[in-house]
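Before any comments, here is the structure.
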Amino acid sequence: MAMFPLGSVLLPAMPLQLRVFEERYLLMLSGLVAAEDTRFGVVLIERGWEVGGGDHRFGVGTVAEILQVAAEDGMVGVAAQGAGRFEIVEWLDDAPHPRAEVRTLPDLVWDDGLEPLREETEQLVRRTLAEASEFAETGWSPDVELADDPMDRCWQLAGIAPLGDLDRLTLLRATSAEELLNKTAELTHDARVPFSTPWPEDEG
């Protein structure tokens with residue numbers, strides 16, 4: 001599979017916007033279009049930079065399904081969405097662009113009995129986004145609309161929660177919908193503490 005290492009984690013059901021200018025990725029996109037292939041893999045860079053190559057990458061990622069490709073300002077804009085998950089079996093030669101042999105990871109299965117947990121987790125995530133927005137730009141509105149599909153909605157809750165990429169990588173490795181929700185709630189609660197702790201009163 002063609003691979004696009006990034007400095008951020010793509011989760012299933014989450015949008016991805018790219019502005020591609022490096023020759024190796026322009027070649028990758030050209031090859032995908034020619035082959036009528038709408039998929040490439042996204043993995044988090046462990047060490048190094050997005051531009052220039054020579055980076056070290058984590059071994060689990062998400063398939064990006066291309067929705068639109070368009071030229072813009074001398075670059076190529078790509079709109080995609082996270083789909084299934086995979087793990088790296090073997091990295092291949094990067095010429096002309098990163099590629100890897102991958103193994104598909106099982107899709108998480110929704111259980112209607114998890115609905116109370118999902119509702120509780122969603123309330124926590126939205127409340128944390130509202131609190132965090134008072135201090136910094138979170139990237140997502142507390143009122144953002146999420147998917148109707150319950151499993152997609154769980155992934156989107158993990159995606160909009162104000163977490164770091166290593167936390168999102170932990171969520172990407174979830175083995176069940178219940179684990180995904182519980183870990184999302186746990187990590188969001190930990191992230192919420194700085195936003196919800198009142199400032200101490202000045203003394204003297």
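Things worth noting here:
- The magnitude of the dipole of the chain, with charges of +1 and -1 set on the Cβ of Lys/Arg and Asp/Glu and taken from the Cα centre, is near 600 debye.
- The Cβ shell under 9 Å around PRO12 holds other residues with a net charge of -1, Lys and Arg each +1, Asp and Glu each -1.
- Each residue of the stretch 22-31 is assigned a 3J(HN,Hα), and the resulting list reads 5, 4, 5, 7, 5, 5, 4, 5, 4, x Hz, derived from the Karplus form 6.51 cos²θ - 1.76 cosθ + 1.60 (θ = phi - 60°), x at Gly and Pro.
- Between helix 115-132 and the chain there is an angle of about 90 degrees, using the helix long axis and the longest principal axis of the Cα atoms.
- Proximal charge balance of CYS154 [Cβ under 10 Å; K/R count +1, D/E count -1]: -2
- One entry in [x] 8, 32, 32, 20, 6, 2, 0, 0; [y] 8, 29, 29, 18, 10, 4, 1, 0; [z] 7, 25, 28, 23, 13, 3, 0 is P(r) over Cα pairs in 10 Å bins from 0, in percent calculated from the shown coordinates; its label is [x].
- Positive-end ranking of HIS56, ALA80, LEU67 along the dipole of the stretch 16-112, with charges on Cβ about the Cα centre, is headed by HIS56.
- Segment GLU36..VAL109, full-extension length gain: 23.3 nm, with 0.36 nm per residue of separation and the alpha-carbon distance subtracted.
- Accessible surface of the chain [probe 1.4 Å, protein heavy atoms]: carbon and sulfur percent: 49 percent
- Calculated FRET value between HIS189 and VAL144, using beta carbons and R₀ = 22 Å, to 0.05: 0.65
- Less than 5 angstrom separates the built amide H of VAL102 from those of VAL89, all sequence-distant by 5 or more or on a different chain.
- Over all other residues within a Cβ to Cβ distance under 14 Å of THR175, the charged ones net out to -2, with Lys and Arg as +1 and Asp and Glu as -1.
- When the chain is treated as a Gaussian network with alpha carbon springs shorter than 10 Å, the biggest mean-square fluctuation among ASP143, ASP152, ASP73 belongs to ASP73.
The values are calculated or read from the model by the stated rules, or taken from the named source; none is laboratory data. Source: prediction; values computed, not measured. Because the Cβ atoms are built from the backbone with ideal geometry, glycine has one as well, and the counts that use them run over all protein chains shown. Ligands, DNA and RNA are stripped out before the accessible areas are found, and what is left, the full protein with its side chains, is counted by its heavy atoms. Shrake-Rupley method; radii C 1.70, N 1.55, O 1.52, S 1.80 Å.
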